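The values are calculated or read from the model by the stated rules, or taken from the named source; none is laboratory data. Treat the numbers as computed from the prediction; the structure is a model and nothing was measured. Cβ placement follows ideal geometry from the backbone for every residue including glycine, while neighbour counts extend to all protein chains displayed. The accessibility values were calculated without ligands, DNA or RNA, using every heavy atom of the protein model including side chains. Shrake-Rupley method; radii C 1.70, N 1.55, O 1.52, S 1.80 Å.
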Amino acid sequence: MKQRIQEKFNTLFGEPGDLYASAGRINLIGEHTDYNGGYVFPGAIDCGIMAEIKVNGTQKVRAFSLDYDEYVEFGLQEEDKPEQQWARYIFGVCRETIKRCGKVEGFDTVFAGDVPLGAGLSSSAALESTYAFALNEIFGNGIDKFQLAKIGQSTEHNYCGVKCGIMDQFASLFGKAGSLIRLNCKTMEYKYFPFNPEGYRLVLIDSCVKHELASSAYNKRRASCENAAAAIRKNHPEVEFLSDAKRVWLDEVRDDIPEEDFLRAEYVIGEVQRVLDVCDALERGDYETVGEMMYQTHFGMSKLYEVSCEELDFLNKLARKMDVTGSRVMGGGFGGCTINLVKDELYMPFIEAVMDQFTEKFGHAPKVYNVVISDGARKL
Ligand code: ADP
Ligand code: MG
């Protein structure tokens, strides 16, 4: 990838610039916890975006996407918003940096990536984080990494129409090889935990389905959580978010809220605790417990939170049947990937079984992505 970028840069712009990169991400555990003020537990992965960048002395950005084989030029004012989706991510990062009083002037750039698009590994965050990090260094703005993550998030909100949380950009910027990061979505405090699963592999199985339900169901889940939190708050005023509630406090209001809301809340409160339990297990190097928690999350997402689907439940069941250490749906649900912690010796048989049996049942093959927890945004 690096060589292709450099060759193209040389052809288009001559003298070389500097190389920057950032990463896609996984979330080991902690799903639907972010908007409940709970924990998420992401890490950057060994696929991402790489970009060569050089200041060009004008007020124009000249950008080439190797993967789309497309060249775009745009100015840095609000009205210069480019048509191309991919260019909007770069434009948005420029604009959001400028809005935060950062300096951005014209530059030339060529970039490419190897995060599968739309698979739930956040290729868009990798793209934003690469440019947010690079422009900050190149123009000497001194913006801290947390604000850089916000620049990426605001880019999605204001220029790409995606109302995302902060996790993806946070992981992409703060990611470190061999570490996962527990982020408290209420206080934004974070802590690194070791993740070096020697003898295991982390593998994502992409069901390649996305069920339509996702966005309306998401809003309904949020409403259920808010309703449960409000009921608990009557007895325990300190409960700001559902994640602040103890399990027994939820039991106190069982008869006051619809059964459905109770089940949703049961999942969330359990999930927040599971993140903590997984962190403890990782500090002991106990990957079997980590795996067991992943199965519990899957059960919760499927049976209590009800955001799984037939394809994902099938993959999870197959993993369990084959004694895979851990497996669960990753992301919001209703499609996308499962994330699996698989012993080395089980890897080949597992992948073969998944390929054969999933394809036979659903008529299309899933995709397989092996990932290693790696560094996030950096200069090369
Ligand atoms: P994801 O879940 O992977 O973040 P999104 O739909 O949010 O999926 O972002 C994908 C978009 O990000 C693409 O449509 C494209 O505009 C941009 N993008 C991601 N990777 C690349 C790349 N390698 N080259 C050009 N654009 C990319
Ligand atoms: Mg995205």
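Counting only residues that are touching a Lys or Arg at 6+ places or on another chain (Cβ under 8 Å) and within 14 Å of ligand 2 (Cβ to nearest atom), the range 128-139 holds 0 of them.
Looking across Leu183, Leu204, one residue alone is within 28 Å of Ser124 (Cβ to Cβ) and not assigned by TED's automatic domain parsing to the domain that holds Gly363. It is Leu183. Remark: pairs (first residue in the range 364-376, of a type outside the set (S, T, N, Q); second residue open to solvent by 40 Å² or more (accessible area, probe 1.4 Å) and in a loop (DSSP other than H, G, I, E, B); Cβ separation under 9 Å; 6+ apart in sequence or on different chains) = Val372/Ala177; Ile373/Ala177; Ile373/Asn196; Asp375/Ala177. A single entry from Ala223, Ala265, Ala245 fulfils the requirement of being open to solvent by less than 70 Å² (accessible area, probe 1.4 Å) and without any contact (Cβ under 8 Å) to a residue 12 or more places away in the chain: Ala223. Scanning the range 280-291 finds one or more residues that are under 27 Å from Lys361 (Cβ atoms) and either free of Cβ contacts under 8 Å to residues at least 60 places away in the same chain or hydrophobic (A, V, I, L, M, F, W, C) (or both). Filtered by the rule that a residue be hydroxyl-bearing (Ser, Thr, Tyr) and buried (at least 22 other Cβ atoms within 10 Å of the Cβ), the range 1-60 gives Tyr20, Ser22, Thr33, Tyr39. In the range 147-177, of all residues being assigned to a helix (DSSP H, G or I) and open to solvent by 40 Å² or more (accessible area, probe 1.4 Å), the one that is nearest to ligand 2 (Cβ to nearest atom) corresponds to His157. Report yes if Gly142 is within 12 Å of ligand 2 (Cβ to nearest atom), over 15 Å from the mean Cα position of the chain (by Cα), in the same structural domain as Gly38 (by TED's automatic domain parsing) and of a type outside the set (S, T, N, Q), otherwise no. No: the conditions fail for Gly142.
Residues that are free of Cβ contacts under 8 Å to residues at least 24 places away in the same chain number at least 2 in the following strands (runs of 3 or more DSSP E) confined to the range 25-138: 70-75.
Taking the range 335-350 as the range and being open to solvent by less than 40 Å² (accessible area, probe 1.4 Å) and touching a strand residue (DSSP E or B) at 6+ places or on another chain (Cβ under 6 Å) as the test, the residues that pass are Gly335, Cys337, Thr338, Ile339, Asn340, Leu341, Val342, Tyr347, Phe350. Here is a check on your reading of the model: is Tyr305 touching a Phe, Trp or Tyr at 6+ places or on another chain (Cβ under 9 Å) and among the aromatic types (Phe, Trp, Tyr)? When the stated conditions are applied, Tyr305 passes them.
In this structure, Lys191 qualifies as in the same structural domain as Trp86 (by TED's automatic domain parsing), among the charged types (D, E, K, R), surrounded by fewer than 17 Cβ atoms within 10 Å (Cβ to Cβ) and within 17 Å of Ile29 (Cα to Cα).
For the range 113-149, a residue qualifies if it is among the β-branched types (Val, Ile, Thr) and farther than 27 Å from Asn370 by Cβ, and the qualifying residues are Ile138, Ile143. With the condition kept exactly as written, say whether any residue in the range 174-191 is in contact (Cβ under 8 Å) with a residue 12 or more places away in the chain and within 16 Å of ligand 1 (Cβ to nearest atom). Among the residues of the range 174-191, at least one is in contact (Cβ under 8 Å) with a residue 12 or more places away in the chain and within 16 Å of ligand 1 (Cβ to nearest atom), which makes the answer yes. Check the range 196-205 and report whether any residue there is assigned to a strand (DSSP E or B), among the polar types (S, T, N, Q) and away from ligand 1 (no atom under 15 Å from the Cβ). So far as the range 196-205 goes, no, none of its residues is assigned to a strand (DSSP E or B), among the polar types (S, T, N, Q) and away from ligand 1 (no atom under 15 Å from the Cβ). Of everything in the range 75-88 that is open to solvent by less than 30 Å² (accessible area, probe 1.4 Å) and either in contact with a Ser or Thr (Cβ under 8 Å, 6 or more places away or on another chain) or under 30 Å from Pro366 (Cα atoms) (or both), the residue that is nearest to ligand 2 (Cβ to nearest atom) is Trp86.
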